[in-house]
Amino acid sequence: TAAAAKASKVEDVDKRLRDAVTFLPLKDLRFADRPAEGHTWFISSLNDTSVGGGPQHMRFPSASSKGRVLCLKGRHFHDGSWNSYALAWPDALPRDATFMSGLTFVSYNHYDYGNIWHGLSTVFPFVAWHQGHGCRRPPERWVLYHWGELRPGMSPWLSKLMEATFGKPPSVEVFDKIKEDSSVCFEDAVVTRHNEGGMSTERRIEAYGLLRCSVRRYCNVSSEVDGDGNKVNTVRLTLFMRRGGRSFRNESAVVGIFQRECDKVEGCRLTLAHSDDLSFCDQVKLMSATDVLASPHGAQLTNIFMMDRNSSVMEFYPKGWLHYAGVGQYVYQWLSSWSGMSHQGAWRDPVGEECPYPQDTAKCFDFYKNGLIGQNETHFSEWARKVLVEVKLRKIGDSVSKRKQDSIEIGGCACN
């Protein structure tokens, strides 16, 4: 009788715990005006953790969640206010819950997963977290949210990058096999919502080193030597061009300027490429064989972390960007610093039409956003000459240590 009473009491406690699971909206509009601060409108009731300069993240279960796992009712694509989350004890899940084993990465993105720069900035903290845990356990699935709304996938470029890093293509969960009103609970979940925010410079450089090594291994690229068998005495200059918006108005003239300056530097070799002509591994191979990258501002510059450490980047903008584009125009300067590259400055075209809406910043940016880029032969020549000579001297100076480091990285990608 006592045993039966105890069992009944345990069952009652279990029932109470299951019924006590409270789902809150993923999209908390109280914090809609400050998505990048400590609290965000995504899982707003909980704070992040960061260890040793690593990415800000939440882990479930953990001490901060009091051992509870993360549960979601989050399958809506068009209205994030219909998606919700809750914490539950593993032995007292909601009655309708589906339990998903293994590691799950849950991402919040303020922008999107189609643009490769925006996508990279979102998945990057997961790479750093993975590296900080010894690269021992790849994720079984990804759950992608944009402003609290579920997204079904990521760009092909980003998918290839994650496959190279984690050893298998990312499985993006859309809960299509789950009953519409039921919940999903995860055995182990890592949530990020601040991109690279808060990470130390050292951890950023380490994580981009892991990405660089991973994609070179995935695409079978050796960084020890180039096609000529000797990359130390070669300065490899790549003009990475765009078509359409933010392309050069006279591409052949720009190529001619850089070719003339390259011809003046012993061992300089110029490659001309267009980003939309290249597969993922073609881009990896091109960046791995580049010491100086000259390119218009655009998503194709996201590839710069694939170059050798200390490689150089030269960036070009259409007219109007300096005054109207905001801080977003500096993202590849930031990426250069974070991945250990040398951003050698930018040239901003001063020539072009005046904005017809001088009092409206947003309209003026739209007016200039995809403008064509002209050229200044004198400036381009002097700039190219300075960078090429500097790179030539640097490569001679650090050739021995650089070859050893490349050999180490390509053999086994570094994990903590």
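The values are calculated or read from the model by the stated rules, or taken from the named source; none is laboratory data. From a predicted model like this one, the values you see are computed outputs, not experimental measurements. Heads up, the Cβs are rebuilt from the backbone with ideal geometry, glycines too, and the neighbour counts pull from every protein chain shown. Just so you know, the surface numbers come from the protein's heavy atoms only, side chains and all, with ligands and any DNA or RNA stripped out. Shrake-Rupley method; radii C 1.70, N 1.55, O 1.52, S 1.80 Å.
Quick notes on this one:
- Residues of the range 193-207 include none that is open to solvent by 30 Å² or more (accessible area, probe 1.4 Å), in a strand (DSSP E or B) and among the charged types (D, E, K, R).
- VAL400 vs. criteria modelled with pLDDT of 95 or more and under 22 Å from ARG212 (Cβ atoms): no
- A residue that is open to solvent by 70 Å² or more (accessible area, probe 1.4 Å), farther than 20 Å from MET241 by Cβ, assigned to a helix (DSSP H, G or I) and without any contact (Cβ under 8 Å) to a residue 40 or more places away in the chain cannot be found anywhere in the range 347-358.
- Across the range 325-336, the qualifying residues are those that are open to solvent by 30 Å² or more (accessible area, probe 1.4 Å) and modelled with pLDDT of 95 or more, and the one among them that is nearest to LYS395 (Cα to Cα) is GLN333.
- Any hit, the range 246-255, residues being touching a Lys or Arg at 6+ places or on another chain (Cβ under 9 Å), of a type in the set (S, T, N, Q) and at negative phi: no
- Restricting the range 1-48 to residues that are among the β-branched types (Val, Ile, Thr) and open to solvent by 60 Å² or more (accessible area, probe 1.4 Å) leaves a set whose member that is modelled with the highest pLDDT is THR22.
- Picking from residues in the range 159-185 that are of a type in the set (D, E, K, R) and touching a residue at least 60 places away in the same chain (Cβ under 8 Å), the one that is least open to solvent (accessible area, probe 1.4 Å) is GLU173.
- Residue list for the range 114-136, filter: under 24 Å from SER183 (Cβ atoms) and in contact with a Gly (Cβ under 8 Å, 6 or more places away or on another chain): none
- Test result for LEU272, surrounded by fewer than 19 Cβ atoms within 10 Å (Cβ to Cβ) and either touching a Cys at 6+ places or on another chain (Cβ under 6 Å) or under 27 Å from ARG394 (Cα atoms) (or both): yes
- Taking first residues from the range 239-267 that are touching a residue at least 40 places away in the same chain (Cβ under 8 Å) and partners that are basic (Lys, Arg) and open to solvent by less than 50 Å² (accessible area, probe 1.4 Å), the Cβ contacts under 8 Å between residues at least 6 apart in sequence or on separate chains come to VAL265/LYS392; GLU266/LYS392; GLY267/LYS392.
- The single condition from (1) touching a helix residue (DSSP H, G or I) at 6+ places or on another chain (Cβ under 6 Å); (2) hydroxyl-bearing (Ser, Thr, Tyr); (3) at pLDDT below 95 that TYR218 fails is (3).
- Checked against (1) of a type in the set (Gly, Ala, Ser); (2) out of contact with any helix residue (DSSP H, G or I) (no Cβ under 6 Å at 6 or more places or on another chain); (3) in a loop (DSSP other than H, G, I, E, B), ALA92 meets all criteria but (2).
- Residue within the range 365-378 that is open to solvent by 30 Å² or more (accessible area, probe 1.4 Å), modelled with pLDDT of 95 or more and among the hydroxyl-bearing types (Ser, Thr, Tyr) present: yes
- Any hit, the range 72-82, residues being more than 26 Å from the chain's Cα centre (by Cα), assigned by the TED database to the domain that holds LEU17 and buried (at least 21 other Cβ atoms within 10 Å of the Cβ): yes
- In a residue-by-residue description of the range 101-122, the property of being in contact with a helix residue (DSSP H, G or I) (Cβ under 7 Å, 6 or more places away or on another chain), assigned to a helix (DSSP H, G or I) and under 17 Å from SER200 (Cα atoms) applies to no position.
- The single residue among LEU161, LEU210 that is over 12 Å from the mean Cα position of the chain (by Cα), assigned to a helix (DSSP H, G or I), aliphatic (A, V, I, L, M) and under 28 Å from MET341 (Cβ atoms) turns out to be LEU210.
- Residue check: ASP112 meets all listed conditions (1) among the charged types (D, E, K, R); (2) in contact with a Ser or Thr (Cβ under 6 Å, 6 or more places away or on another chain); (3) within 15 Å of HIS194 (Cα to Cα) but one, namely (2).
- Boolean, HIS297 is assigned by the TED database to the domain that holds SER247, surrounded by fewer than 23 Cβ atoms within 10 Å (Cβ to Cβ) and within 19 Å of the chain's Cα centre (by Cα): yes
- Among the residues of the range 309-324, those identified as open to solvent by 10 Å² or more (accessible area, probe 1.4 Å) and either assigned to a loop (DSSP other than H, G, I, E, B) or not assigned by the TED database to the domain that holds TRP334 (or both) are ARG309, ASN310, LYS319, GLY320.
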